[in-house]
Amino acid sequence: MNDYFCLNENKSIKDAFFIFNKAFGCILCVEDKKKKLVGVLTEGDLRRAILKGFSIKEKLKKIINNEYTFVYFHELQNKKFLKSNFNAKNLNVSINFIPILNNYNKVIKVLPTTKIIEILEEKNKYKKTTLKPNILIVGGAGYIGTTLAKKLLNKNYKVTILDKLIYDKSVFSFFKKNKNLKFIKGDICDLNVQINCIRDVDIVVFLAEIVGDPACNAKPEDALKTNYLAVSSFSHLCSLLNINKFIYTSSCSVYGLDKKNNLLNEQSSLNPVSHYARIKIMSEKALLSIKNQNFSPTILRLGTVFGPSVRERFDLVVNTFAKFAYFNKKIDIHGGDQWRPNICVEDVADGIIAVIKSPKSKVSNKIFNLSAESLNYRIKDIAKIVKKKFKSIEINYSNSQSDPRNYRVSCKKFELATNFKAKKTIEYAYDLFLKKFKSKSIKNPNLKKYSNIATIKFFSDKNV
């Protein structure tokens, strides 16, 4: 892969975006008609130009900055930078590569910034620069978002989290100070917030929403605003700014009710039975309707998520059973024959990272089921696992069934595209919950912050 490309100053922003679509993390060397370097641009520079009001047809010479960093080749050989516009102490760390010029100001190659600094400091060894995209997690302080952020930061990605912190304001104490983490408190429904958070972003993971049927039913208008209108407007902005990878978490709830208990794939008929699922379908269609060379969404239909997270939830079936089994010594089952696909929250995060790392040709403009195919369970099957893990508990069965959903899903398409397969079991999650419960790190699982529906109802009652 080339670390740089050259383009004439009379070419357009659109032409430059096309170059960047070929290779992530490169720099664009802008030349005059004599092939002399007149400026350097990054993909972020192009996005900021668009935000400032420049047309995508604007010529590059109108947006380049005359104060750019470069080094002459003869200076590099002599390890003395006398004429270059180079200052190691004041260097912007976001510049990954620096152009090397001959005496005629023509680009002959580029070198990683780290390489040049180490030459200057007379070090013989340097680590090869591994460029990683800056990830924006919309809703990154939530159940899935905190787990994903933790994993990305451990892999040395730069992460920006946008969240309005309605559930648990204490989650960021977990991350402490991390130079690769940026937090923006705000509501994705606010257009000003959308513009503010998108600067310097390469990939978007959209997790912000009112999750689940009960929570959406509690505030249906807010669900429409957050789960559909915000997705639609923000994706249009990302398309304008050439953010190709936009990962959206949908739900297997879109399949609704399948009376035949077939193993459903992404081509199966949709049969939503809730406001939440209908909005998910609307958002999927909205995203795919604007796909183009600058915007390539990936839609992940998640199974029912389970397991501990930085921001805990105890309003999901597996987690709810763990709470009642440990603290109440009993669980209530309504119906029990309903099928559900299940996936550990850690596997959801790893699946999203698999999309981030996958070539665009494998994941762009596609819908995938993301679940653990081996964990297509009936509710009563999950109860049996609870019984084995939590021992002396009482299970009460009732014929009443308030949730009509019933579906099993295949995840073969995602595995073939990304080579990722969800493997973490419900038993694994219950072992982690037991450890947390016994250590008393979770003393009262009935607190509002552990339940989406309780939090939403609280704000609904206060008309917030």
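For n ≥ 4 DSSP H runs only, could you compute -39500 (n - 2.57) per run for the chain, divide by its residues and tell me the 222 nm figure to the nearest 500? Present the calculation step by step, with values, prior to reporting the outcome.
Working: 17 runs with 158 residues, N = 464.
Rounded to the nearest 500, it is -9500 deg cm²/dmol.
Test of understanding: what is the full-extension gain from N65 to L270, defined as 0.36 nm times their sequence separation minus their Cα-Cα distance? Working shown, then result.
On the way: separation 205, 0.36 × 205 = 73.80 nm, distance 5.12 nm.
Difference between extended and current length: 68.7 nm.
Answer rounded, prolate or oblate for the range 4-120, using the Cα gyration tensor with square roots of eigenvalues a ≥ b ≥ c: rounded when a/c is under 1.5, else prolate when a/b is larger than b/c, else oblate.
Details: a/c = 2.10, a/b = 1.68, b/c = 1.25.
Here the range 4-120 falls in the prolate category.
Using Cβ contacts closer than 10 Å as the measure, can you line up R199, R378 from fewest to most? List each step's numbers first, then the result.
On the way: R199 14, R378 17.
Least to most surrounded, the residues fall as R199, R378.
List the pairs from K151/K424; K151/K366; K35/K132 whose alpha-carbon separation is above 26 Å, in the order I gave them.
Values: K151/K424 16 Å; K151/K366 24 Å; K35/K132 30 Å.
From the list (K151/K424; K151/K366; K35/K132), the Cα-Cα distance tops 26 Å for K35/K132.
Using a/c under 1.5 as the rounded threshold, could you call the range 400-455 rounded, prolate or oblate? The axes a ≥ b ≥ c are square roots of the C-alpha gyration tensor eigenvalues, and prolate needs a/b larger than b/c, oblate otherwise. Working shown, then result.
Values: a/c = 2.52, a/b = 1.43, b/c = 1.76.
It is oblate, given that a/c is not under 1.5 and a/b is not larger than b/c.
Could you tell me which of rounded, prolate or oblate describes the chain, using a ≥ b ≥ c as the square roots of the eigenvalues of the alpha-carbon gyration tensor, with rounded for a/c under 1.5 and, failing that, prolate when a/b is larger than b/c and oblate otherwise? Walk me through the numbers before you get to the answer.
On the way: a/c = 2.43, a/b = 2.03, b/c = 1.20.
It comes out prolate by the Cα gyration axes.
Using only the alpha-carbon atoms, how far is helix 379-390 inclined from the longest principal axis of the chain? Give it as 0 to 90 degrees, nearest 10.
90 degrees
Once R0 is set to 56 Å, what does the formula 1/(1 + (r/R0)^6) return for the Cβ-Cβ distance between N261 and K177, expressed as a FRET efficiency to the nearest 0.05?
Numbers: r = 50 Å, r/R0 = 0.89.
So the FRET efficiency works out to roughly 0.65.
Find the lysine pairs in the range 202-361 meeting two conditions, Cα atoms under 28 Å apart and a separation of 8 or more places or different chains, and report how many there are.
So the count of such lysine pairs works out to 23.
Going by alpha carbons, how many degrees (0 to 90, nearest 10) lie between the helix axis of 143-154 and the longest principal axis of the chain?
Taking the Cα atoms of the chain, the angle to 143-154 is about 40 degrees.
Under 5 Å between amide hydrogens, which residues at least 5 positions from L370 or on another chain qualify, with H placed 1.01 Å from N in the peptide plane?
Amide H to amide H, under 5 Å and 5 or more residues apart or across chains, L370 pairs with R301, L302, G303.
On a 0 to 90 degree scale, rounded to 10, what angle separates helix 230-240 from the longest Cα axis of the chain?
It is inclined by approximately 20 degrees.
We did not get these values from a lab; they are worked out from the coordinates using the rules stated. What you see is a predicted model; the values in this text were computed from it and never measured. A quick note on method: Cβ atoms are made from the backbone with ideal geometry, for glycine too, and the neighbour counts reach across all protein chains shown.
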